[in-house]
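What follows is one structure encoded as structure tokens, with my remarks underneath.
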Amino acid sequence: MSLAWVLTLGALLFSLGIYGVLARRNAVLVLMGIELMLNAVNVNLIAFDAWIRQGNATGQIFALFIITVAAAEVGVGLAIVLLVFRRRETINVDEVNLLKW
Amino acid sequence: MTGQEMAFLALGAIAAAGGVAVVTARNVVHGALFLVAVLAAIGALFLLLGAEFVGWVQILIYVGAIVVLLLFGLMLTKAPLGRGALDNQQRGIAAIVATGTFAMLTWLVWHAFGDERITFVRAVRTADIGNALFTSYVLPFEAVSVLLLAALVGAILLAKKD
Amino acid sequence: MVAVLLAHEEAHATAQAAGFFAGNAWLIPALPFVAVGVIVFFGKRFRGKGAEVGIAATSISWLLSVIILVTRYVGGGGPVVLRSVRWFPLGRDLGLGLGMRLDGLTSIMFVVVTTVSLLVQIYSLGYMHGDRRYTWYYAALNIFTGSMLNLVIADNLMQLLIGWELVGICSYLLIGHWWEEKPNSDAAIKAFITTKTGDIPFLIGVFVLFAAARTFNITEIIHQVEDGNLSHVTLTAAAILLFGGAIGKSAQFPLHVWLPDAMAGPTPVSALIHAATMVTAGVFLVARLFPVFEASPQALNEVALIGAFTMLLAALLAMVQDDIKRVLAYSTVSQLAYMMAALGVGAGNAGIFHLFTHAWFKALLFLGAGSVIHAVHSNNMSEMGGLRKFMPHTYRTFLIGSVALAGIPPLAGFWSKDEILTEAFRVGARTIPAHGSPVVGSIVYGVGIVTAFLTAFYMSRAVHLTFQGEYRGHGRPHESPATMTGPLWVLAGLSLVAGFAGFPGWQKGFGAWVGVGGETRVPEAHLLLIAVSVVVALAGIGLGRALYARVPARDPLLRLGWFHTLLVNKYYLDEFYMRGIVRPIRDRVSAAIGTRKGGGILRYLQSGDVQRYAAALFAGVAILAFLFTKF
């Protein structure tokens, strides 16, 4: 099986994630886009790991770390979303734009 | 075309279609369910590539925990429905940037690894992963556990009603 | 991590020969930093609220410093101990080291810094008792002490710069210790920004030296200078730029304006930072890189002339102050200028000798002034008077400090000041070869004599206004507790005897083993010169006594007319800086380059919409990645 196929799938998922992050208003959907991007990275890591397949499975270990970091990210991200919702009755990212001039 | 390649194409098609559905869904809950499909397909792909442990972790943590967490988030924030309510005004720019990134990455990947092949070998045993994790990678492992703890405390602090 | 430890061990092997204490001199700056950690995290749980931790750490540093000084002195100087570890590499052949260069200059500075710091910390037990940020105050004092010691021990310019900036920020924090009152925080900001103005040329100067010598290491730079590898133009530029930093830190004209305002801080802080240690960092810098300055007569002349100008300027200002701390502040500026002028005429050892003696009696005077302020709750001498009766210990020690500063033998100030004047005179008379111009030597001598007269006069005035006559303040002042008078007596003792370290004609004297500047000259005593400076000092004291023995209803200096007005307004320098520099830059220059208009347009880029930022980010990354792989 060609390595580039799997990497292309990773690139596709990553780009879809970017689209999700950039085009969605709803903060939870933005978080979903970020999850897609993180998974795309994992796909790449696992693919390279299978391609090299040596010694201590570095790619898989790092995929595990990324899954952990993703869990932490979702936890904090959702906490922030909930906080914003409680304060402002909306979680639309483009309405939370106080941080300007 | 080998059986492995056919399986990859099927899983890749599910993941790609699911991914498109996630970022275009008009109903947030549908979006979350499509995400489940994508993540499950990727988990299966990991199994296919010989990463058994990571594959099951992917399904357990992503599908079992993270998506459930996202669904809780959706329920607690009463998201409206419809494209206008869910998408912002820069959909065009987003599409251009995403397409550009995809083109660049694909070109790069084929440019660099076009001829490389993954030869099928036996799966990595979970014991090996555990061994590596607690010997070579014990320092990053500890760092990540501290990060998780910090995220836990931070999330509680942020979300609790004062 | 492992590499650093290994490098450490390697260095240790070579330093073994220097003996345990000299080889481990890095402990001296390290201990106060350890104390800071303990004070910040656990200070409030101690019975003494953290003060004892700082005092203990500084005591050990002090003990080590004294041992090193004594062993070096007995050994007649001994070799320069060099030790360093690689901190982190930069590129192929560059890297930042963390190291020590222990020579006579460093050992002297160690003793000065740790002694004054220790005494000030003990004194503060009484002076700062019950302060709301007592624990933090001790933490800050220890950060300062550690940073200053790091500056002194540094073997490379980057490490020196780190210490330099850290003492600057400590000065800012401690001047603004009582920041609730606006003038105090204003003074802190003024001190920080003014010294920072000098730090910019300093930083550029460091890079000029680095660009020419390809190293930050002071020892290697000095070797290259002595081998004549660096061009004259480079060295002149570097020396003048570096001197910019010294002007700011050591409060020389035209950046001296911050030091009098810095008196807003607690008085022990003024004694430690703004009299004995931090302000001498500029002098230390010039002494440390003295070969660089020596290689350029132009730079040396500049140092000497700035020194000569500043010493007179500041001494004149000290005459008309009513705030006792401001008298001492201008006096400090003036005395620092003496040291600079000494370095400028090539008499490096004399300059460092004056730094050494000045630290004792000026710290003593500040702490004495603090004791007075503690008793009468005012800084103004017009509300003091007659304190001799109420505060015998403070009076006697303050008197010793004043006489030492005025330059009456055999007290400390006489020996060092006279050595500077003698050296300047000899340079002027061309009896010794000089790197700078002989004319400059004569100027320094002439101005120095006038300044010596003024110094004796304003100290005589201060003593009479404060301690003689009738008490003019409120309440009944009382003598300070033993924690405060104890340090005063220790410093008074040092002010009495420290001068003998540089007894003229003594072969093993001070300069012989401090060794700033290439050849070490044994200082000579010229009876005529000594007579002149003693007579001048006595005349100054006498004039002060004649004018102020009975407190006059009207200050006799008012007879100077417009000149008095000029002095009271500090030559209008602050006004000039505000109207002539700050406001034009703020209003006109910024208008000319269209800051407002340009900002008005550019601010629309900051839409506050994170997704637009993210779009720009990803687009940029994609384009850059494409470019990098393509080319």
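Does C:F253 meet the test of being at pLDDT below 90 and aromatic (F, W, Y)? Even if it seems obvious, please write down each step before you answer.
Values: at pLDDT below 90: yes; aromatic (F, W, Y): yes.
Considered against the rule, which asks whether it is at pLDDT below 90 and aromatic (F, W, Y), C:F253 comes out as yes.
When C:R550 is evaluated against the numbered criteria (1) under 18 Å from C:S460 (Cβ atoms); (2) assigned to a helix (DSSP H, G or I); (3) more than 31 Å from the chain's Cα centre (by Cα), which criterion, by number, is the only one it fails?
In the conditions (1) under 18 Å from C:S460 (Cβ atoms); (2) assigned to a helix (DSSP H, G or I); (3) more than 31 Å from the chain's Cα centre (by Cα), C:R550 misses (2) alone.
Conditions first: (1) open to solvent by 10 Å² or more (accessible area, probe 1.4 Å); (2) modelled with pLDDT under 90; (3) aliphatic (A, V, I, L, M). C:I306 passes all but one, so which condition is the exception?
(2)
Just for segment B:133-162: of the residues that are within 28 Å of B:L47 (Cβ to Cβ) and over 23 Å from the mean Cα position of the chain (by Cα), which one is nearest to the other protein chains (Cβ to nearest Cβ)?
B:S136
Run down A:V41, A:V30, A:V21 and say which single residue is under 11 Å from the mean Cα position of the chain (by Cα) and in contact (Cβ under 8 Å) with a residue 60 or more places away in the chain. Give the derivation first.
Working: A:V41 fails: in contact (Cβ under 8 Å) with a residue 60 or more places away in the chain; A:V21 fails: in contact (Cβ under 8 Å) with a residue 60 or more places away in the chain.
Being under 11 Å from the mean Cα position of the chain (by Cα) and in contact (Cβ under 8 Å) with a residue 60 or more places away in the chain holds for just one of A:V41, A:V30, A:V21, which is A:V30.
Filter the helices (runs of 4 or more DSSP H) completely within segment B:39-112 down to those with at least 1 residues that are under 20 Å from A:A72 (Cα atoms), more than 8 Å from chain A (Cβ to nearest Cβ) and modelled with pLDDT under 90.
Details: elements: B:52-57, B:67-76, B:83-86.
In segment B:39-112, B:67-76 are the helices (runs of 4 or more DSSP H) which contain 1 or more residues that are under 20 Å from A:A72 (Cα atoms), more than 8 Å from chain A (Cβ to nearest Cβ) and modelled with pLDDT under 90.
Looking at segment B:111-162, which of its residues are of a type in the set (A, V, I, L, M, F, W, C) and touching a strand residue (DSSP E or B) at 6+ places or on another chain (Cβ under 9 Å)? Let's see the steps before the verdict.
Here is the first cut: in segment B:111-162, the residues of a type in the set (A, V, I, L, M, F, W, C) are B:112-113, B:118, B:120-121, B:123-124, B:127, B:129, B:132-134, B:138-139, B:141, B:143-144, B:146-153, B:155-159.
Scanning segment B:111-162 gives B:F113, B:I118.
Condition check: open to solvent by less than 10 Å² (accessible area, probe 1.4 Å), within 7 Å of chain B (Cβ to nearest Cβ) and either within 23 Å of B:D115 (Cα to Cα) or not acidic (D, E) (or both). Does A:L9 satisfy that?
Working: open to solvent by less than 10 Å² (accessible area, probe 1.4 Å): no; within 7 Å of chain B (Cβ to nearest Cβ): yes; either within 23 Å of B:D115 (Cα to Cα) or not acidic (D, E) (or both): yes.
Here the answer is no, as A:L9 does not meet what is asked.
Which condition number in (1) over 22 Å from C:I108 (Cβ atoms); (2) in contact with a strand residue (DSSP E or B) (Cβ under 6 Å, 6 or more places away or on another chain) is the one that C:E181 fails?
The failed condition is (2).
Restricting attention to segment A:23-41, report how many residues are open to solvent by 10 Å² or more (accessible area, probe 1.4 Å) and modelled with pLDDT of 90 or more. So that I can check it myself, show each step before the final result.
In the first step, residues of segment A:23-41 are kept if they are open to solvent by 10 Å² or more (accessible area, probe 1.4 Å); the result is A:25, A:27, A:30-31, A:34, A:37-38, A:41.
So of that shortlist, the ones also modelled with pLDDT of 90 or more come out as A:30-31, A:34, A:37-38, A:41.
Looking only at that region, the number is 6.
Consider segment A:12-44. How many of its residues are more than 7 Å from every other protein chain (Cβ to nearest Cβ) and either in contact with a Cys (Cβ under 6 Å, 6 or more places away or on another chain) or of a type in the set (D, E, K, R) (or both)?
Total satisfying the criteria: 0.
May I ask you to list the residues in segment A:42-75 that are in a helix (DSSP H, G or I) and open to solvent by 40 Å² or more (accessible area, probe 1.4 Å)?
Result: A:N44, A:L45, A:F48, A:W51, A:I52, A:T58, A:F62, A:V69, A:E73.
For segment C:320-344, name all the residues that are open to solvent by less than 10 Å² (accessible area, probe 1.4 Å) and either under 19 Å from C:I240 (Cα atoms) or over 19 Å from the mean Cα position of the chain (by Cα) (or both). If you could, list the steps in order and put the result at the bottom.
Our first condition is that a residue be open to solvent by less than 10 Å² (accessible area, probe 1.4 Å); within segment C:320-344, this holds for C:324-325, C:327-344.
The answer is C:I324, C:L336, C:A337, C:Y338, C:M339, C:M340, C:A341, C:A342, C:L343, C:G344.
Just to verify a result, which residue in segment A:76-89, among those that are in contact (Cβ under 8 Å) with a residue 40 or more places away in the chain and open to solvent by less than 30 Å² (accessible area, probe 1.4 Å), is farthest from the other protein chains (Cβ to nearest Cβ)?
Going through the qualifying residues, I end up with A:G77.
Collect the residues in segment C:236-282 that are of a type in the set (S, T, Y), part of a helix (DSSP H, G or I) and closer than 19 Å to C:I169 by Cβ, keeping them in residue-number order. Break it down into steps so the answer makes sense when it comes.
The first filter runs over segment C:236-282 and keeps only residues of a type in the set (S, T, Y), leaving C:236, C:250, C:267, C:270, C:277, C:280.
With the extra rule that they be part of a helix (DSSP H, G or I), the set shrinks to C:236, C:267, C:270, C:280.
If the condition is that a residue be of a type in the set (S, T, Y), part of a helix (DSSP H, G or I) and closer than 19 Å to C:I169 by Cβ, then C:S270, C:T280 are the ones that fit.
For a quick check of your reading of the model, give me the residue pairs whose first member lies in segment C:35-64 and is more than 27 Å from C:A22 (Cβ to Cβ), whose second is among the hydrophobic types (A, V, I, L, M, F, W, C) and not in a helix (DSSP H, G or I), with beta-carbon atoms closer than 8 Å and at least 6 apart or on different chains.
C:E52/C:F46
Cβ-Cβ under 6 Å, sequence separation 6+ or interchain: first residue in segment C:67-94 and assigned to a loop (DSSP other than H, G, I, E, B), partner modelled with pLDDT under 75. Which pairs?
Final answer for the pair search is C:G77/C:W513.
Tell me which residues, restricted to segment C:591-615, are open to solvent by less than 80 Å² (accessible area, probe 1.4 Å), small (G, A, S) and more than 10 Å from chain A (Cβ to nearest Cβ).
Of everything in segment C:591-615, those that are open to solvent by less than 80 Å² (accessible area, probe 1.4 Å), small (G, A, S) and more than 10 Å from chain A (Cβ to nearest Cβ) turn out to be C:A591, C:G594, C:G598.
Go through segment C:541-590 and give me each residue that's open to solvent by 70 Å² or more (accessible area, probe 1.4 Å) and of a type in the set (G, A, S).
C:A546, C:A553
Among (1) facing chain A (nearest Cβ under 7 Å); (2) touching a residue at least 12 places away in the same chain (Cβ under 8 Å), there is one condition B:A123 misses while meeting the rest; what is its number?
All conditions are met except number (1).
Where in segment C:383-495 are there helices (runs of 4 or more DSSP H), lying fully within it, with 1 or more residues that are under 18 Å from C:I324 (Cβ atoms) and modelled with pLDDT of 90 or more? Break it down into steps so the answer makes sense when it comes.
Details: elements: C:387-390, C:392-406, C:412-428, C:438-467.
So the answer is C:392-406, C:438-467.
The values are calculated or read from the model by the stated rules, or taken from the named source; none is laboratory data. Nothing here was measured: the structure is a model prediction, and the numbers come from that model. For neighbour counting, all protein chains shown are included, and Cβ atoms are generated from backbone atoms with ideal geometry for every residue, glycine included. What goes into the accessible areas is simple: the full protein's heavy atoms, side chains included, and nothing from ligands, DNA or RNA. Shrake-Rupley method; radii C 1.70, N 1.55, O 1.52, S 1.80 Å.
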